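The values are calculated or read from the model by the stated rules, or taken from the named source; none is laboratory data. As the structure is a computational prediction, the values presented were derived from the model and not from experiment. A quick note on method: Cβ atoms are made from the backbone with ideal geometry, for glycine too, and the neighbour counts reach across all protein chains shown.
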Amino acid sequence: MTATSHVARHFGASLLVCAAVAGHALPAHAARTVYNFNPGWRLAVTDTPEAIRPAFDDATWKPVTLPRAWNEDEAFAKDIVDHSTGIAWYRKRFTLPAAAKGRKVFLEFEGARQAAEVYVNGRRMGLHENGVTAFGFDITDALVPGRNVVAVRTDNSWDYKEAATGQRYQWADRNFNANYGGLPKNVKLHVTDRLYQTLPLYSSLGTTGVYVYARDFDIPGRRATIAAESEVKNDDDHARTFTYEVRLRDRDGKEVARFAAPPQTVTPGATATVKAQAPVAGLHFWSWGYGYLYDVETTLKVDGVPVDTVVTRTGFRKTEFKDGVVKLNDRVLQLKGYAQRTSNEWPAVGMSVPAWLSDYSNGLALASNANLIRWMHITPWRQDTESLDRLGLMHAMPPGDAEKDVTGRRWEQRIEVMTDAIVYNRNSPSILFYESGNRGVSAEHMREMKALRDRYDPHGGRASGSREMLSTELHGIAEYGGEMLYINKSARIPMWAMEYSRDEGARKFWDEFTPPFHKDGDGPLHKGQPAPTYNRNMDTHAIENVKRWYDYWRERPGTGRRVSSGGVNIVFSDSNTHHRGAENYRRSGEVDAMRIPKDGFHAHQVMWDGWVDVEKPRAHIVGHWNYAAGTVKPVTVISSADKVALYLNGKKLGEGRQTERFLFTFDSVAWQPGELKAVGLDSAGKKVCETTLATAGAPAALKLTAMTAPGGMRADGADLALVQVEVVDARGRRNPVALDTVKFDLQGPAEWRGGIAQGPGNHVLARALPVEGGVNRVLVRSTTKPGRVVLRASAAGLAPATVTLATQPFKVEGGLATRFPADGLPLHLDRGPTPATPSFRVSRVTVPVASAEAASNAGDAALTFDDDETTKWSSTPGHGAITYRLAQPATLGEISLKLSGWRERSYPLRVIVDDTPVYEGMTPKSLGYVTLPLKPVHGGTVRVELNGVADESNAIKLTEVANQAITDTGANQTPKGVLSIVEIEFYTAP
């Protein structure tokens, strides 16, 4: 592998090959050079129009390395509504090599917040305003020999209005879009021949770049047709004739295929699209937890000499979205993951973390056995998309929106952002869904979004849909859908929950038996209403996560013709966005803001370890085992085993009471110091998993552990080290109830960024902060000076700890670097290729319905089995009966119903097969569907009767204090003496 291709293969999804890795010399016929343009900026939070002048003196401005939000100090220190806004200027000097003369030069910004006006040597290049997508400019004609100056005026005002129309941007929202202003994303500089493959920057340059895809998949045979298309532009003053060559390299740099297109001529100023394709064997298909990526080199050759090469890092996978399920590489997958804020932020840093830390954070989501991230409201930045590519973690990509469908200019803005996002990200295999709206969109708008996908990404294997999309009409347009909070099922398009389990719980609070003895639910009112579900302890938060997931698991693929394709829990990491609990940030995460796992993380790890059915049994004991003498408490074990036995110091305490499939409860366990062990058993009593908790000794010392990028910490002014501090006993075991305050001392070329904990200002940037549950973490940022960095930690009564870091030199010449933030990051291949075995066992088979008759409102009876959750049949009072004729007689084992008011209401039902009663009782409350067990009777007709009045006591509480209307299930519109069925389905054993 050449040095050029080595740099190229670590840069990202649309990497442009560097012709020279070191120095500024550009050889003759240099294919293309791309520079890391992050180093050497200066920042001032002021509005200084004179800053556009090249000679302006910015010596007093703050030196920074991008990405850098100018208000980063406020991340988690302030409520999102209080994030500082205004004008900030960024300036940078750079010098191009002499050999760049006569070539094309482009600036590429991965994004800005909200608006960015760019000047080069005092000349205005343009204005970018949407605050979301990447943009760029052709700066060739503005450059001068020697030193050049870029100046960028940014404006992150919440109420920023589009210059041409005066229209605000819907997604500049104080609830969910944390306002990290300025240039919080990466910047690159490209130097190309005058005959070149364009950049994928549609709205700013009007160009679409390179598009790579696969088709004609043979998954068992590991074969597919690989195709590459490049938009080529000739900015020379004469026609250019070229050939188009494609090389495919595997993760080790080995060439595995080469193919080409016939010669083509492009006239001066013209643009053409050129394509080549070929069948390729021996492919490694990208999959969940198997982020196998290839480098696809597309080269323009003139007279046999390369004049432009682009390397697109991508992966190949087959997808299918039909019959109510998602298939990846021919295997059914139930979606399990998180609705995550696109800012994906950290305390005192915001979103602007190095690429390795993105991999670490996103990798934890994968380690919890998530397979999907649904970015909420706003397109993620390139760094997170590339991270999910490497990890093998799928995601749903929105454009920009808020909480409803819109019209006029606001809809046009959304379309423009989605166009940019598709063009820029369409080579990323991790994107499986294009989301049109955070709430449902109209049929007309859904068709428009699908047309965008078909125009710019017709072969990418991605579904176009939106939240909701429940009706038969929308099922015929959208390719997926699903509500928030509730269960939807379909036999047509995959339906998955866009957000569920919105409760909040702080990591500091284990349970009511542990210091600081927080009573579960205690907290202030939110908007004048009680908010106990947003002030949970960690134990009840984890248990609630299990209860919420249970409904999705129960309706998984393999349980009938109509199924749930899963759902995403909101959120993965605590977020500096709108909140309802005691703190000024959202604590719904399965990890906290420093990515320290809560019990909910382990709960998901247990429940989600499989494509559909659980494939690896696990167990997790909720909480810790360091209590005060005399404590008697319930112990909860979360396990995918069939049974769980609990042992204390080797003595068996019994088997747990099972609820919601994964919860096993042991009541009134008397604490004793020692070892608490949970053993998971299969149905035959064979051990399949186990886990233990041990009592730690008294706090004795501090322990520091540093985490950095694989190659160590770079002295580039932007790299970060994540340092964990623990309070440990004399044997080095973490004490889980320690709350000691730790003081830090930092020496050497590094900048303190600190961590977060409950207390004044959330202790953001503080040099002293407490551990919570015996652990905390802090961030340390490199400067541009390499050297030895020493971090010392001390606490009263504990032995101190020290960790030493050596920051590595980072070469920058003339303001330009050739190493990039993601260089050297490994691919995650731990899960291996997609298994060839089925992902689920069929547990029941749907018996079709031929017809239905009702004692009242008979014309609506068929609406109960039309696979449309926007329709229903409701009886009149006193006539709550409906009879179904099955397509063929069968011995039924279960029925599933979605009943109006499913969350609040239990119905007294009687079910009769032919003339034999097979069920009588109250239906359970649920998040959508209830399953009723039937006495096995063979028959051809089924009668469902209301046998009394519905009960609304002990309703499942979903407090949505921001907008309680979204929790509505129809109970308020349905009298208690009425039977109202949305959908019904009958099952027999397989």
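Results, tabulated for the structure shown:
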| read-out | value |
| --- | --- |
| Test for Leu816: is it touching an Asp or Glu at 6+ places or on another chain (Cβ under 9 Å) and closer than 30 Å to Val191 by Cβ | no |
| Qualifying residue in the stretch 65-82 (condition: surrounded by 15 or more Cβ atoms within 10 Å (Cβ to Cβ) and closer than 25 Å to Val423 by Cβ) | yes |
| Leading residue by the ranking (surrounded by the most Cβ atoms within 10 Å (Cβ to Cβ)) among those in the stretch 520-575 that are outside any loop (DSSP other than H, G, I, E, B) and of a type in the set (Gly, Ala, Ser) | Gly567 |
| Selection within the stretch 455-475 - in contact with a helix residue (DSSP H, G or I) (Cβ under 9 Å, 6 or more places away or on another chain), surrounded by fewer than 21 Cβ atoms within 10 Å (Cβ to Cβ) and either free of Cβ contacts under 8 Å to residues at least 12 places away in the same chain or in a strand (DSSP E or B) (or both) | Arg455 |
| Subset of the stretch 541-581 [among the small types (Gly, Ala, Ser) and under 21 Å from Trp510 (Cβ atoms)] | Ala542, Ser573, Gly581 |
| Neighbours by Cβ (under 6 Å, 6+ apart or cross-chain): first from the stretch 892-907, within 16 Å of Tyr552 (Cα to Cα); second surrounded by 23 or more Cβ atoms within 10 Å (Cβ to Cβ) and not β-branched (Val, Ile, Thr) | Ser896/Tyr929; Ser896/Glu985; Lys898/Gly928; Lys898/Tyr929; Lys898/Glu983; Trp902/Gly928 |
| Some residue of the stretch 48-63 being in a loop (DSSP other than H, G, I, E, B), surrounded by fewer than 24 Cβ atoms within 10 Å (Cβ to Cβ), under 33 Å from the mean Cα position of the chain (by Cα) and at pLDDT 95 or above | no |
| Any pair with Cβ under 8 angstrom, 6 or more apart, that starts in the stretch 354-365 at a residue that is within 13 Å of Gly337 (Cβ to Cβ) and ends at one that is in a helix (DSSP H, G or I) | Asn362/Asp384; Asn362/Ser387; Asn362/Leu388; Asn362/Leu391; Leu364/Phe601 |
| Selection within the stretch 92-131 - over 18 Å from Pro200 (Cβ atoms) and in contact with a His (Cβ under 6 Å, 6 or more places away or on another chain) | Pro97, Ala116 |
| Members of the stretch 611-647 that are in a strand (DSSP E or B) and buried (at least 19 other Cβ atoms within 10 Å of the Cβ) | Ala619, His620, Ile621, Val635, Thr636, Val637, Ile638, Ser639, Val644, Ala645, Leu646 |
| Hits in the stretch 835-861 (condition: surrounded by 16 or more Cβ atoms within 10 Å (Cβ to Cβ) and among the aliphatic types (A, V, I, L, M)) | Val845, Val847, Val849, Ala852, Ala854, Ala855, Ala861 |
| Boolean, Gly209 is under 13 Å from Thr271 (Cα atoms) and touching a residue at least 12 places away in the same chain (Cβ under 8 Å) | yes |
| Every pair of residues 6+ apart whose Cβ atoms lie under 7 Å, when the first sits in the stretch 972-990 and is touching a residue at least 12 places away in the same chain (Cβ under 8 Å) and buried (at least 20 other Cβ atoms within 10 Å of the Cβ) while the second is assigned to a strand (DSSP E or B) and among the acidic types (Asp, Glu) | Tyr987/Glu894 |
| The stretch 858-882, residues that are aliphatic (A, V, I, L, M) and in a helix (DSSP H, G or I) | Ala858, Ala861, Ala862, Leu863 |
| Subset of the stretch 613-666 [acidic (Asp, Glu) and within 16 Å of Glu690 (Cβ to Cβ)] | Asp642, Glu655 |
| Residue within the stretch 327-350 that is surrounded by fewer than 24 Cβ atoms within 10 Å (Cβ to Cβ), under 30 Å from Asp866 (Cα atoms) and free of Cβ contacts under 8 Å to residues at least 60 places away in the same chain present | yes |
| Subset tally (residues that are of a type outside the set (Phe, Trp, Tyr) and buried (at least 20 other Cβ atoms within 10 Å of the Cβ)) for the stretch 873-885 | 4 |
| Yes/no for Gly581 being assigned to a loop (DSSP other than H, G, I, E, B) and either in contact with a Lys or Arg (Cβ under 8 Å, 6 or more places away or on another chain) or within 21 Å of Lys404 (Cα to Cα) (or both) | yes |
| Neighbours by Cβ (under 6 Å, 6+ apart or cross-chain): first from the stretch 867-887, over 24 Å from Val949 (Cα atoms) and among the acidic types (Asp, Glu); second assigned to a loop (DSSP other than H, G, I, E, B) and modelled with pLDDT of 95 or more | Asp867/Ala491; Asp868/Ser471 |
| Single match in Arg91, Arg124, Arg103 (criterion: under 30 Å from Gln170 (Cβ atoms), outside the structural domain of Asp236 (by TED's automatic domain parsing) and modelled with pLDDT of 95 or more) | Arg124 |
| Residue, surrounded by the most Cβ atoms within 10 Å (Cβ to Cβ), within the stretch 151-167, restricted to residues that are without any contact (Cβ under 8 Å) to a residue 12 or more places away in the chain and not aliphatic (A, V, I, L, M) | Lys161 |
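Conditions (1) over 27 Å from Arg753 (Cβ atoms); (2) of a type in the set (Gly, Ala, Ser), marked per residue:
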| position | (1), (2) |
| --- | --- |
| Val81 | no, no |
| Gly86 | no, yes |
| Pro97 | yes, no |
| Gly111 | no, yes |
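Rundown of residues vs (1) over 30 Å from Asp745 (Cα atoms); (2) surrounded by fewer than 19 Cβ atoms within 10 Å (Cβ to Cβ), yes/no style:
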| residue | (1), (2) |
| --- | --- |
| Val780 | no, no |
| Gly797 | no, yes |
| Pro809 | no, yes |
| Pro826 | yes, yes |
| Ala887 | yes, yes |
